[in-house]
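S.K.: The structure that follows is given in the form of structure tokens.
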There are 2 protein chains.
Amino acid sequence: MNELERTIEWRDGAVYMIDQRVLPLRYEIKSYTDYQGVAEAIHTMVIRGAPAIGAAAGFGMALAGLQSAAKTRSDLLRDLEIAAEVLRQARPTAVNLFWAIDRMLRTATDEALASADDVRAALVREAQRLADEDVEINKRMAEHGAALIKDGDTILTHCNTGALAVVDYGTALGVIRRAHEQGKRIKVFADETRPRLQGARLTAWELMRWGIDVTLIADNAAGHYMRKGLIDICLVGSDRTAANGDVANKIGTYKVAVLAKENGIPFYPVLPTSTIDLSLPNGDLIPIEERDEREVTEIDGVRIAPLGVKVGNPAFDVTPNRYIAAIITEKGVARAPFGESLKALASSV
Amino acid sequence: MNELERTIEWRDGAVYMIDQRVLPLRYEIKSYTDYQGVAEAIHTMVIRGAPAIGAAAGFGMALAGLQSAAKTRSDLLRDLEIAAEVLRQARPTAVNLFWAIDRMLRTATDEALASADDVRAALVREAQRLADEDVEINKRMAEHGAALIKDGDTILTHCNTGALAVVDYGTALGVIRRAHEQGKRIKVFADETRPRLQGARLTAWELMRWGIDVTLIADNAAGHYMRKGLIDICLVGSDRTAANGDVANKIGTYKVAVLAKENGIPFYPVLPTSTIDLSLPNGDLIPIEERDEREVTEIDGVRIAPLGVKVGNPAFDVTPNRYIAAIITEKGVARAPFGESLKALASSV
């Protein structure tokens with residue numbers, strides 16, 4: 001196949017993903033037939049973005065069902081619990097990983113399923129449903145968010161929240177895409193997003209493909225453009241949002257939020273309600289993944305720092321709710337006080 | 001020679017510089033015997049850092065004197081004016097370039113010099129004096145600044161302000177170095193400083209050589225560490241400071257200042273008074289250099305962004321004076337209102 005229609009697809013018992021580590025210079029497709037491979041793909045960031053990670057975990061659980069030689073439901077459930085634990089270890093911050101795994105386990109324990117093979121079939125259907133729903137959710141988020149974008153706006157975004165971060169369409173970038181489809185003349189400044197450069201590699205590539213005016217900048221330059229009055233609105237994604245509206249997202253998001261507030265620019269996280277973790281009262285309880293130091297000291301194998309240097313490489317940071325103008329979800333736009341508005345949204349249908 | 005004693009040295013009619021583009025993996029020395037080469041070295045950032053650029057311009061003017069075949073003082077002065085103009089074009093933001101060139105032209109027009117050869121000799125002496133003074137100035141700044149650092153402090157710094165940014169010792173990094181020499185147990189977080197990575201390539205390398213505890217981080221992570229309460233003080237340099245205390249410095253400095261203020265962390269620029277431009281009432285009048293887009297789209301020749309993407313690459317930003325706790329100079333520490341304190345310092349001996 002030349003290109004996938006979605007970031008992640010299920011075909012005949014295998015999971016296919018666009019390898020996001022080698023874009024934009026190479027378009028390569030990876031395929032997996034076991035959940036261990038999917039866990040590794042999540043860990044090494046072949047696939048990334050909270051909703052896409054959720055979909056990958058769903059398909060990983062479906063693979064685990066097919067892999068298991070169990071003849072009974074209870075034996076199969078035991079194998080699925082093992083697979084769930086392996087997949088949970090893949091990345092700690094994005095809550096969609098845990099959300100999707102729990103959803104798949106709930107499916108597997110449905111009393112209406114009679115045999116192990118019934119469970120296997122249900123898991124494949126549920127993973128596909130989860131992926132299909134993600135696309136619908138993105139489009140609803142995009143519609144809600146696009147209403148906040150005016151003709152002529154210039155938008156700053158951080159990391160990648162496009163079709164590549166989800167099953168298809170995009171979260172924050174989906175909002176931008178929808179505004180563009182509505183005929184609004186918009187411009188985007190994309191933070192390159194060190195250390196993994198998802199902005200340079202993925203966001204710039206997607207926006208160019210969609211025909212949207214994009215300017216790539218070093219993360220350091222975002223404040224300069226804000227202070228110069230060139231940015232009207234900031235849109236980002238989220239890997240996990242606490243009950244009070246504190247948002248964990250790609251490292252550097254907090255910087256964008258603080259600079260936006262300082263310059264009177266509204267800052268909007270765009271996130272599916274599956275990303276909201278009502279069990280955590282605030283963002284300081286969200287575990288922050290520390291990644292390999294070579295993400296900072298090397299770029300594509302090219303060493304850019306002294307050998308032996310100590311490195312700090314947190315993959316995410318937490319933006320306290322006071323910096324957030326509103327949170328855009330598929331169920332509507334939540335405003336302060338977020339403790340109330342998010343709870344109401346999460347429980348609405 | 002194996003290593004230079006200083007970042008830039010004059011030996012027997014030639015200027016020698018450490019090539020800062022290839023550190024830390026290679027230590028190479030470049031030599032120049034014409035001012036055009038020096039202008040190119042400044043432009044391509046073989047040498048960078050406002051004080052080092054000033055010293056390079058001084059030696060460049062000395063070379064211009066030796067290069068000129070002029071037999072009379074007036075012919076020599078005409079050649080020097082041409083060289084001055086070429087050197088002025090090398091980089092627009094750092095004021096030390098213009099300051100050093102003006103100082104060399106004043107030397108050349110000293111009525112006491114009888115012949116063209118007298119002028120040539122005076123230029124070489126003045127360039128050397130300028131370089132020697134820079135080292136002394138750094139040590140005085142370091143002494144003033146180190147008094148503000150407490151035992152156990154963790155310092156965040158941006159870009160490179162070490163010995164490599166000056167003739168020897170360092171500005172903001174000189175302060176850190178002095179505190180370390182005083183036996184204070186300090187730690188440093190170094191922003192890698194995209195796009196040119198002076199923090200990763202130069203600051204981390206210098207601090208490791210000096211035996212100072214350094215942790216290299218992506219620029220995006222600075223806010224995370226500040227919010228976590230791990231940073232006590234921020235120290236940066238300056239390429240040009242306006243009369244009101246607005247500071248132009250490496251792109252991303254404004255972000256550090258805003259995040260520091262938001263988290264109650266004092267933010268100190270460290271700069272020689274030669275960097276203060278009293279002719280500019282505020283920082284918005286400082287010209288901001290826009291550099292080659294390949295600094296953003298490539299790293300050491302490795303492409304990291306889509307072909308054809310539009311890029312914004314401002315090399316500097318301006319930090320308004322309201323974010324600044326105090327400005328550390330060789331003549332003392334200036335506090336708000338900076339309009340008065342900087343004027344008093346600049347005119348003091």
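The values are calculated or read from the model by the stated rules, or taken from the named source; none is laboratory data. If you're wondering where the values come from, they're calculated on a predicted model, not measured in any experiment. A quick note on method: Cβ atoms are made from the backbone with ideal geometry, for glycine too, and the neighbour counts reach across all protein chains shown. We work out accessible area using only protein heavy atoms, side chains counted, and drop any ligands, DNA or RNA first. Shrake-Rupley method; radii C 1.70, N 1.55, O 1.52, S 1.80 Å.
S.K.: If you restrict to DSSP beta bridges whose two residues both lie in chain B, what percentage is antiparallel, to the nearest 5?
M.R.: 55 percent
S.K.: Starting from the Cα of residue B:150, step 7 Å along the direction of its Cβ; do the same at residue B:110; then give the gap between the two resulting points in nm.
M.R.: About 4.8 nm, to one decimal.
S.K.: Something else now. Once R0 is set to 60 Å, what does the formula 1/(1 + (r/R0)^6) return for the Cβ-Cβ distance between residue B:3 and residue A:40, expressed as a FRET efficiency to the nearest 0.05?
M.R.: Plugging the Cβ-Cβ distance into 1/(1 + (r/R0)^6) gives 0.85.
S.K.: A further question on this structure: Can you give the FRET efficiency to the nearest 0.05 for residue A:181 and residue B:129, using r as the Cβ-Cβ distance and R₀ = 60 Å?
M.R.: Efficiency for this residue pair is about 0.40.
S.K.: Let a ≥ b ≥ c be the square roots of the eigenvalues of the Cα gyration tensor of chain B; is it rounded (a/c under 1.5), or, if not, prolate (a/b larger than b/c) or oblate?
M.R.: Since a/c reaches 1.5 and a/b is larger than b/c, the shape of chain B is classed as prolate.
S.K.: While we're looking at this one, here's another question. By how many degrees, between 0 and 90 and to the nearest 10, does the Cα long axis of helix A:172-181 differ from the longest principal axis of chain A?
M.R.: 70 degrees
S.K.: Can you give the relative contact order of the range A:88-236 as a percent, counting alpha carbon pairs under 8 Å and 6+ residues apart?
M.R.: Rounded, it is 21 percent for the range A:88-236.
S.K.: Next up: Placing a label point 7 Å from Cα toward Cβ, how far apart in nm is residue B:22 from its equivalents in the other copies, listed shortest first to one decimal?
M.R.: Those separations, rounded to one decimal, come out as 3.2 nm.
S.K.: Peptide B:307-317: average number of partner chain Cβ atoms within 10 Å per residue?
M.R.: Mean inter-chain Cβ contacts per residue within 10 Å come to 6.
S.K.: Okay, next question. Give or take rounding to whole Å, what are the principal axis extents of the alpha carbon atoms in the range B:65-136, in descending order?
M.R.: Dimensions of the range B:65-136 along the principal axes of its Cα atoms: 34, 28, 19 Å.
S.K.: While we're here: May I ask you to derive the relative contact order of the range A:18-73, considering only C-alpha pairs under 8 Å and at least 6 residues apart, and to give it as an integer percent?
M.R.: About 34 percent, as a whole number.
S.K.: Enter the Cα centre distance for the pair the range B:223-297 and the range B:1-59, rounded to the nearest angstrom.
M.R.: With the range B:223-297 and the range B:1-59 each reduced to a Cα centre, they are spaced 25 Å.
S.K.: Per-residue Cβ counts within 10 Å, from other chains only, averaged over B:256-269: what number is that?
M.R.: Average neighbour count from other chains, rounded to a whole number: 2.
S.K.: Which of A:311, A:333, A:166 ends up with the largest GNM mean-square fluctuation for chain A, with Cα atoms connected below 10 Å?
M.R.: A:311
S.K.: In square nanometres and to one decimal, what's the mean projected area of the convex hull around the Cα atoms of the range B:122-276?
M.R.: With the hull built on Cα positions only, its mean projection is 9.2 nm².
S.K.: Something else: To the nearest 10 degrees, how steep is helix A:73-88 against the longest Cα principal axis of chain A, on a 0 to 90 scale?
M.R.: Here the helix axis deviates by roughly 20 degrees.
S.K.: Rank B:17, B:208 by accessible area, highest first, at a 1.4 Å probe radius?
M.R.: Largest to smallest exposure gives the sequence B:208, B:17.
S.K.: Hey, in the GNM for chain A with a 10 angstrom Cα cutoff, which one of A:147, A:200, A:190 fluctuates hardest?
M.R.: For chain A, modelled as a Gaussian network with Cα springs under 10 Å, the answer is A:147.
S.K.: Give the average, rounded to an integer, of partner chain Cβ atoms located within 10 angstrom of each Cβ in B:193-205.
M.R.: Shielding by partners across B:193-205 averages 4.
S.K.: Enumerate the whole-percent occupancy of each 10 Å bin, from 0 to the last occupied one, for all C-alpha pair distances of the protein assembly as shown.
M.R.: 3, 15, 23, 22, 16, 11, 6, 3, 1, 0, 0
S.K.: Could you give, in nm with one decimal, how far residue A:287 is from each other copy of that position, shortest first, with labels 7 Å out from Cα toward Cβ?
M.R.: Copy-to-copy label distances at residue A:287, shortest first: 5.4 nm.
S.K.: Work the Kirkwood hydrodynamic radius out for the range B:277-330: mean of 1/r over every pair of different alpha-carbon atoms, inverted, in Å.
M.R.: It works out to 14.2 Å.
S.K.: Continuing with this model, one more query. With +1 on each Lys and Arg Cβ and -1 on each Asp and Glu Cβ, and nothing else charged, work out how big the dipole of chain B is about its Cα centre, in Debye to the nearest 20.
M.R.: Computed charge dipole of chain B: roughly 880 debye.
S.K.: A further question follows. Sort A:247-255, A:8-16 for me by packing, meaning the mean count of neighbouring Cβ atoms within 10 Å per residue, highest on top.
M.R.: The packing order, highest mean first, is A:247-255, A:8-16.
S.K.: Let me check against my output: what whole-number percent is the relative contact order of the range A:148-253, with C-alpha pairs under 8 Å and at least 6 apart?
M.R.: 32 percent
S.K.: If each label sits 7 angstrom from Cα along the C-beta direction, how far apart, in nm, is residue B:143 from its counterparts in the other copies?
M.R.: With the label placed 7 Å along Cα→Cβ, residue B:143 yields 7.2 nm.
S.K.: For the range B:1-108, how big is the tail of P(r) above 19 Å, as a whole percent of Cα pairs?
M.R.: The share of Cα pairs beyond 19 Å in the range B:1-108 comes to 40 percent.
S.K.: Mind listing the long-range amide H neighbours of residue B:319? Cut-off is under 5 Å, sequence gap 5 or more, other chains count too, H placed in the peptide plane at 1.01 Å from N.
M.R.: B:247, B:248, B:249
S.K.: Which percent, nearest 5, of DSSP beta bridges in the protein assembly as shown are antiparallel?
M.R.: Bridges in the protein assembly as shown are about 50 percent antiparallel.
S.K.: Moving on to the next point. Among B:187, B:139, B:310, which one shows the highest mean-square fluctuation when chain B is modelled as a Gaussian network with alpha-carbon springs under 10 Å?
M.R.: Looking only at B:187, B:139, B:310, the largest GNM fluctuation is found for B:310.
S.K.: May I ask you to evaluate 6.51 cos²θ - 1.76 cosθ + 1.60, the Karplus curve with θ = phi - 60°, for each residue of the range A:263-278 and list the ³J(HN,Hα) values in order in whole Hz, giving x for glycine and proline?
M.R.: 10, x, 9, x, 10, 10, x, 10, 7, x, 5, 5, 8, 7, 10, 5
S.K.: Would you work out if the range B:178-232 is rounded, prolate or oblate? Take a ≥ b ≥ c from the square roots of the eigenvalues of the alpha-carbon gyration tensor; rounded if a/c is under 1.5, else prolate when a/b is larger than b/c, oblate otherwise.
M.R.: Cα axes put the range B:178-232 in the oblate bin.
S.K.: When the Karplus curve 6.51 cos²θ - 1.76 cosθ + 1.60 is applied with θ = phi - 60°, which whole-Hz ³J(HN,Hα) does each residue of the range A:203-209 get, with x for Gly and Pro?
M.R.: Rounded to whole hertz, the list is 5, 4, 5, 5, 5, 5, 4.
S.K.: If I fit a long axis through the Cα atoms of helix A:50-67 and take the longest principal axis of the Cα atoms of chain A, what angle between them do I get, 0 to 90°, rounded to 10?
M.R.: 10 degrees
S.K.: Taking only DSSP H segments of four or more residues, each worth -39500 (n - 2.57), what value at 222 nm results for the protein assembly as shown once the sum is divided by all its residues, to the nearest 500 deg cm²/dmol?
M.R.: Computed ellipticity for the protein assembly as shown at 222 nm equals -12000 deg cm²/dmol.
S.K.: Could you go through the range B:115-128 in sequence order and give the Karplus-derived ³J(HN,Hα) for each residue, using 6.51 cos²θ - 1.76 cosθ + 1.60 with θ = phi - 60°, rounded to whole Hz, and x for Gly and Pro?
M.R.: Whole-Hz 3J(HN,Hα) from phi for the range B:115-128: 10, 4, 5, 4, 5, 4, 5, 5, 5, 4, 4, 5, 5, 5.
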